[in-house]
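The values are calculated or read from the model by the stated rules, or taken from the named source; none is laboratory data. Fair warning: this is a prediction, and the values are worked out from it, not measured in the lab. A quick note on method: Cβ atoms are made from the backbone with ideal geometry, for glycine too, and the neighbour counts reach across all protein chains shown.
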Amino acid sequence: MLDIMLIGPSKLAWVVVTALLLTACGPPEMVGIPIRQELYDSSHLLDQNHYKDLMRRSIDGNSRAFIRLIHFDCGGVSFCYWHGEVLAKIVYHMGEEKILELVENMTPKDKSRFHHLLRAGLEYGSFTTDGTLTN
C-alpha cells in the first residue's frame, strides 16, 4: 500500500488507464479473421508479425505464403487446433475457388498437413451454426 502512495495520484491514474486499455483490446486479427490470443501469445513478436503477414499474403492469393502458413510452427496440441481454426476461417473468407487455386500445385505432404490442420480447426474452432465466423 505504501508503494502505491509513493507513486502519486497522477502516475497511478496512468497505470490504471494503461492497464484498462491493454485488457480492453480485442483479440488480434488480420482482415477480420480473429487469431486466438493464446496462439498469438505463444510466439515472439517477430513471429506474430510474420504470421499475420503470411495470412495477408495467403488471402491475397500467394500460394507460397499459404504453404508457409500451413507449415508455420504452431507449437503443438491446442495451438495447432487454433492454427487450424485460422486456416478454416481463411478458407471461409476466401471461398472454395480461390483455395483450390492455392492448393492446386501443393505437394502431397503439404496437402496432408493442410487437411489435418483444417479438420482440427473445424472440429475445435469457434464457428456458429449458420456458418458465420465467430471470435
key: Hits in the range 90-104 (condition: part of a helix (DSSP H, G or I) and free of Cβ contacts under 8 Å to residues at least 60 places away in the same chain)   = 90, 91, 92, 94, 96, 97, 98, 99, 100, 101, 102, 103
inquiry  = Among the residues in the range 34-56, are any within 19 Å of residue 104 (Cα to Cα), modelled with pLDDT of 90 or more and either polar (S, T, N, Q) or outside any helix (DSSP H, G or I) (or both)?
reply    = no
key: Residues of the range 59-80 that turn out to be surrounded by fewer than 19 Cβ atoms within 10 Å (Cβ to Cβ) and part of a helix (DSSP H, G or I), as a count   = 7
request  = Within the range 111-135, track down each residue that is more than 14 Å from the chain's Cα centre (by Cα), modelled with pLDDT of 55 or more and of a type in the set (Gly, Ala, Ser).
outcome  = 112, 120
task = Could you grab me the full set of residues in the range 60-89 that are modelled with pLDDT of 90 or more, over 16 Å from residue 110 (Cα atoms) and in contact with a helix residue (DSSP H, G or I) (Cβ under 6 Å, 6 or more places away or on another chain)?
result = 85
